[in-house]
Every structure is written in structure tokens, then in C-alpha cells.
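Chemist: Sharing a structure below in C-alpha cells format, with a few things to ask.
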Amino acid sequence: MRHDLVMYTVPKLTDYSAASINSESRDLLSALESEATVVNSENEYKVFRDRWLARKDGIATQINDLWLKPAPKEAKRDAGQLVNELKKKIEETVERALQHSKGGASALRLAAERVDITLPGVRRPIGAEHPVIKTMNEIVHVFRNLGYSVSEGPEVETDYYNFEALNFPPNHPARDMQDTLFLAGQDKKGQRDRLLLRTHTSPVQIRTMELLKPPLRIVIPGKVYRNDPPDASHSPMFHQIEGLAVDTNITFGDLKGTLDHAMKALFGSSVKTQFRPSFFPFTEPSAEMMVSCFICGGSGTRGTEPCRPCKTTGWIEILGCGMVDPNVFEFVKHNGYDPKKVSGFAFGMGADRIAILKYGVDDIQLFFQGDVRFLQQFG
Ligand SMILES: [Zn+2]
């Protein structure tokens with residue numbers, strides 16, 4: 001509504017001659033038309049409608065009160081007819097303004113939403129696999145091809161699954177606060193029910209053996225937690241991938257053959273493997289497996305420089321493994337894992353460490369800082 005113009009007001013009518021009445025009617029209709037043409041929105045329409053049709057003091061009511069009611073007897077009939085015609089005109093115009101306001105609003109919206117289809121599009125950057133996830137997927141893929149399936153489990157574990165059922169003696173140093181992140185407020189619980197952040201993916205071995213009868217071949221990728229302050233080679237959160245095979249007559253020869261094949265699939269057919277005796281509570285015998293350095297080809301040097309990843313030895317320690325300790329099977333004996341009837345091997349490796357070696361990254365923290373500039377290099 002244009003408030004800069006003097007708004008039309010209904011005059012009192014004293015002269016009821018045809019000329020006077022026609023002139024007043026023309027003024028009113030011209031005001032009606034000019035006000036109607038500037039109604040462009042719903043709000044403007046409402047103001048317009050109320051001004052002309054409000055029951056109490058709208059202009060239609062006013063002409064009734066100011067023109068018809070005071071009309072002298074002899075002019076009453078003509079005045080009544082005129083007022084009725086004017087009212088009809090007002091109603092029609094208000095209705096037309098309503099339609100126009102709808103059209104006006106949608107026209108305004110259309111204008112606001114207009115898109116310049118000649119502009120070039122906004123390119124969305126395409127994400128890529130994180131190097132650690134990519135490494136884990138590659139390892140899973142190698143074992144999938146050997147008939148292994150994937151098992152997963154909770155990151156908040158009980159003492160029972162994380163330690164007890166894996167043959168950790170009660171005084172094992174790994175149970176100490178120094179190495180394990182325990183959840184607070186667990187003091188009232190018995191030791192085996194106390195919650196902690198799993199320190200390895202091995203609890204999933206027990207959980208899976210409770211669910212599935214032998215034979216079993218699984219790999220277990222996942223996050224694990226240790227009370228290690230972060231530095232270039234340590235992180236309180238890191239990734240492991242672990243494997244377990246249980247069947248009748250599984251031997252250390254199966255373990256060596258499987259892992260040798262897996263390392264050749266991962267690092268190239270020319271790598272060699274080597275096993276050295278080690279100790280883990282849940283395997284017996286246990287071994288550390290080394291692969292010949294795939295960076296220097298086992299020579300220990302890169303040109304005239306010493307090879308840092310293998311510390312010039314030509315070998316890189318890559319995983320821990322061993323034959324499943326019969327004591328571990330005792331915990332799942334009820335589900336078909338009688339240590340007298342079945343045997344198995346298990347292995348575990350740090351996915352972050354393998355990613356570090358594969359991609360020549362010198363600081364494990366870079367994987368977890370979320371710096372896009374770092375991550376883009378692997379996209
Ligand atoms: Zn090397």
C-alpha cells in the first residue's frame with residue numbers, strides 16, 4: 001500500500017443530485033482501482049481488504065452510514081441502488097486483488113529463486129579412504145581370499161574378555177593401570193565384570209568362539225586403546241587387525257604358510273618371512289614374524305644412506321602370532337572347542353604401523369589429526 005499518497009476518505013453527502021452522486025461514485029471507484037493495483041503481497045491484500053470491507057468501519061460500511069442512511073426520503077431508492085452497486089464493485093475488486101496478491105507473491109518468489117543456469121557448478125571434493133582404513137581393508141581382502149570372514153566386537157570390554165579368557169594371569173603387567181585405560185566407578189564390580197577400553201582386538205576371538213562352532217577362520221579389524229602418551233610412534237588409540245583359524249589338525253606349518261602368503265600378497269611376491277620365538281599369554285608357542293624390508297629390498301641401505309625403517313637390519317618386525325594356547329580353548333570348550341580335538345593359530349598386527357611403513361609416514365599422529373592437506377596425499 002502506498003502511504004505517500006493522501007488516502008481516500010468517504011465524504012459526507014449533502015447533495016443528492018445525480019451529478020453530485022455520480023461524481024462521488026467516480027472518486028470512490030477510482031480510489032478503489034488505484035489502491036487495488038498496488039496490492040502485491042498477502043499482507044498488502046489483508047490491509048486493502050480490511051480498509052474496504054471491514055464490517056465495523058470499512059469503506060463499504062461507511063458509504064452505507066454516510067450516504068444511504070442520511071439520504072432524504074425521495075433519494076433513498078436511488079442511493080440504495082448506488083450503494084449496493086458500489087459494494088458489489090468493492091467485493092469484486094477485493095477478490096481480484098486477492099488473486100493478484102497470490103500471483104504477485106509467487107512472482108516475487110520466482111524472481112528470488114531464479115537460478116543462473118549459465119554459471120559453472122560448484123564442485124564437491126570427493127572423499128577418499130583414510131590410509132589406515134585403506135591398509136586395514138587391504139589386509140582384510142587378502143584373508144577374505146583365503147576364506148576368512150570378518151568379526152567385530154565392542155571397544156568397551158570387560159576384564160573377562162580382554163584378559164581372563166585370554167589366559168592373562170591376574171598379576172600380568174598388562175592389567176596394571178599403567179597400560180590399560182579402565183573406566184571409572186567400577187570398584188564395586190567383581191574383577192571380571194570391570195569395564196575397560198580393550199587393549200587388543202583379541203577379546204573378539206573369545207566372543208566369536210562363543211557364538212560359532214569350529215571350524216573357524218576370522219579376521220578382526222578394529223580400534224584398540226593403551227595408556228600411551230602420544231608421540232611419533234605411539235598413540236593412545238590405534239588400529240589392530242587380528243586373525244584366528246581353528247580346525248582339527250591345524251599346525252604351525254599352516255600358520256607359517258598362511259602368513260607367508262599374506263605378506264607376499266601385501267608387500268610383493270619377493271618379500272621373505274622369518275619367525276623368532278616370543279611370548280604371548282594366549283598362544284603357545286608364540287613368535288614374532290619379520291618380513292624382509294620391502295623398502296631397501298633387505299639390503300639395509302638405500303644407495304649410500306642407511307635404511308631407517310628396518311634400522312639397517314634388512315628385516316621389519318610386522319606381527320605377533322602363535323598356536324592358540326589350550327587354556328584359551330578351555331573357556332569356550334562348551335561350544336565345541338575341546339583342546340584335545342581342535343587346534344588353531346592366531347596372529348595380530350598394528351594396522352597403523354603397516355600404513356606408516358607402506359606410505360613412508362614418519363609420525364603416527366599425522367593419521368589422527370585430521371589435517372586435510374596430509375590426507376589429500378592419499379586421495
Ligand atoms: Zn630396509
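Chemist: Restricting to the stretch 41-98, count the residues that are among the hydroxyl-bearing types (Ser, Thr, Tyr), within 60 Å of the chain's Cα centre (by Cα) and part of a helix (DSSP H, G or I).
Modeler: As a first pass, look at the stretch 41-98 and keep what is among the hydroxyl-bearing types (Ser, Thr, Tyr): 41, 45, 61, 93.
Add one more test, that the residue is within 60 Å of the chain's Cα centre (by Cα), and what stays is 41, 45, 93.
Cutting the leftovers down to part of a helix (DSSP H, G or I) gives us 45, 93.
The number of residues fulfilling the criteria is 2.
Chemist: Suppose we keep only residues that are within 16 Å of the ligand (Cβ to nearest atom) and more than 41 Å from the chain's Cα centre (by Cα) within the stretch 312-354. Which one would you say is surrounded by the most Cβ atoms within 10 Å (Cβ to Cβ)? Before you say what the answer is, go through the steps one by one.
Modeler: Start the filter on the stretch 312-354 by keeping residues that are within 16 Å of the ligand (Cβ to nearest atom), which leaves 312-318, 353-354.
Now drop any that are not more than 41 Å from the chain's Cα centre (by Cα), which leaves 312-314.
Details: Thr312: 15, Thr313: 14, Gly314: 17.
Among them, the one singled out is Gly314.
Chemist: So, one more: Within the stretch 365-378, track down each residue that is more than 19 Å from the chain's Cα centre (by Cα) and in a loop (DSSP other than H, G, I, E, B).
Modeler: Gln377, Phe378
Chemist: Looking only at the stretch 201-223, count how many residues are hydrophobic (A, V, I, L, M, F, W, C) and surrounded by fewer than 14 Cβ atoms within 10 Å (Cβ to Cβ). Show your work before the answer.
Modeler: Step one: filter the stretch 201-223 for residues hydrophobic (A, V, I, L, M, F, W, C), giving 204, 206, 209, 211-212, 216, 218-220.
Subset that is surrounded by fewer than 14 Cβ atoms within 10 Å (Cβ to Cβ): 211.
Within the stretch 201-223, residues that are hydrophobic (A, V, I, L, M, F, W, C) and surrounded by fewer than 14 Cβ atoms within 10 Å (Cβ to Cβ) number 1.
Chemist: Can you tell me which residue in the stretch 285-306 is most open to solvent (accessible area, probe 1.4 Å), limited to those that are assigned to a strand (DSSP E or B), more than 12 Å from the ligand (Cβ to nearest atom) and not acidic (Asp, Glu)? Give the derivation first.
Modeler: Within the stretch 285-306, the subset assigned to a strand (DSSP E or B) is 285-292, 301-302, 305-306.
Checking which are more than 12 Å from the ligand (Cβ to nearest atom) leaves us with 285-289.
Of the ones still in play, those that are also not acidic (Asp, Glu) are 285-287, 289.
Values: Pro285: 65, Ser286: 10, Ala287: 4, Met289: 0 Å².
If we take residues in the stretch 285-306 being assigned to a strand (DSSP E or B), more than 12 Å from the ligand (Cβ to nearest atom) and not acidic (Asp, Glu), then Pro285 is most open to solvent (accessible area, probe 1.4 Å).
Chemist: Oh, and also: For the stretch 333-353, give me each residue that is touching a Ser or Thr at 6+ places or on another chain (Cβ under 9 Å) and aliphatic (A, V, I, L, M). Even if it seems obvious, please write down each step before you answer.
Modeler: First, pick out the residues of the stretch 333-353 that are touching a Ser or Thr at 6+ places or on another chain (Cβ under 9 Å): 341-343, 345-348, 351-353.
The answer is Val342, Ala346, Ala351.
Chemist: Can you name every residue in the stretch 25-48 that is surrounded by 17 or more Cβ atoms within 10 Å (Cβ to Cβ) and in contact with an Asp or Glu (Cβ under 9 Å, 6 or more places away or on another chain)?
Modeler: At the first step, the residues of the stretch 25-48 found to be surrounded by 17 or more Cβ atoms within 10 Å (Cβ to Cβ) are 25, 28, 31-32, 35-36, 39-40, 44-45, 48.
Residues satisfying the conditions are Ser25, Phe48.
Chemist: If you don't mind, there's one more thing I want to ask. I want to confirm something. Restricting to the stretch 150-183 and keeping residues that are part of a strand (DSSP E or B) and open to solvent by 60 Å² or more (accessible area, probe 1.4 Å), which single residue is farthest from Val204 (Cα to Cα)?
Modeler: Keep residues of the stretch 150-183 that are part of a strand (DSSP E or B), which gives 150, 156-158, 182.
Among the residues that remain, those that are also open to solvent by 60 Å² or more (accessible area, probe 1.4 Å) are: 156, 182.
Numbers: Val156: 12, Phe182: 18 Å.
Ranking the candidates gives Phe182 first.
Chemist: To continue, here is another question. Identify the single condition in (1) under 27 Å from Met136 (Cβ atoms); (2) in contact (Cβ under 8 Å) with a residue 40 or more places away in the chain that Asn335 does not satisfy, given that it satisfies every other one.
Modeler: (1)
Chemist: Would you mind finding the one in Arg198, Arg226, Arg194 that is of a type in the set (Lys, Arg) and either over 31 Å from the mean Cα position of the chain (by Cα) or open to solvent by less than 20 Å² (accessible area, probe 1.4 Å) (or both)? Break it down into steps so the answer makes sense when it comes.
Modeler: Values: Arg226 fails: either over 31 Å from the mean Cα position of the chain (by Cα) or open to solvent by less than 20 Å² (accessible area, probe 1.4 Å) (or both); Arg194 fails: either over 31 Å from the mean Cα position of the chain (by Cα) or open to solvent by less than 20 Å² (accessible area, probe 1.4 Å) (or both).
Exactly one of Arg198, Arg226, Arg194 is of a type in the set (Lys, Arg) and either over 31 Å from the mean Cα position of the chain (by Cα) or open to solvent by less than 20 Å² (accessible area, probe 1.4 Å) (or both), namely Arg198.
Chemist: Can I ask one more? Among (1) surrounded by fewer than 16 Cβ atoms within 10 Å (Cβ to Cβ); (2) under 26 Å from the mean Cα position of the chain (by Cα); (3) of a type outside the set (S, T, N, Q), there is one condition His239 misses while meeting the rest; what is its number?
Modeler: (1)
Chemist: Continuing with this model, one more query. Is the stretch 263-277 home to any residue that is open to solvent by 10 Å² or more (accessible area, probe 1.4 Å), more than 16 Å from the ligand (Cβ to nearest atom), at pLDDT 95 or above and farther than 25 Å from Arg144 by Cα?
Modeler: Yes: the stretch 263-277 contains one or more residues that are open to solvent by 10 Å² or more (accessible area, probe 1.4 Å), more than 16 Å from the ligand (Cβ to nearest atom), at pLDDT 95 or above and farther than 25 Å from Arg144 by Cα.
Chemist: Go through the stretch 262-276 and give me each residue that's among the small types (Gly, Ala, Ser) and within 14 Å of His141 (Cβ to Cβ). Don't jump to the end; show me each part of the working.
Modeler: First, pick out the residues of the stretch 262-276 that are among the small types (Gly, Ala, Ser): 262, 265, 268-270.
Correct list: Ala262, Ala265.
Chemist: Another question, then. Taking interchain pairs and intrachain pairs at least six residues apart, which have beta carbon atoms under 7 angstrom, with the first residue in the stretch 249-265 and touching a residue at least 12 places away in the same chain (Cβ under 8 Å) and the second part of a helix (DSSP H, G or I)?
Modeler: Filtered contacts from the stretch 249-265: Ala262/Val142; Ala262/Phe143; Ala265/Val142.
The values are calculated or read from the model by the stated rules, or taken from the named source; none is laboratory data. Keep in mind it's a predicted model, so treat the numbers as computed, not measured. Quick reminder, even Gly has a Cβ in these numbers, built from the backbone with ideal geometry, and neighbours come from all protein chains shown. Quick note on the areas: whole protein, heavy atoms, side chains included, nothing else; ligands and nucleic acids left out. Shrake-Rupley method; radii C 1.70, N 1.55, O 1.52, S 1.80 Å.
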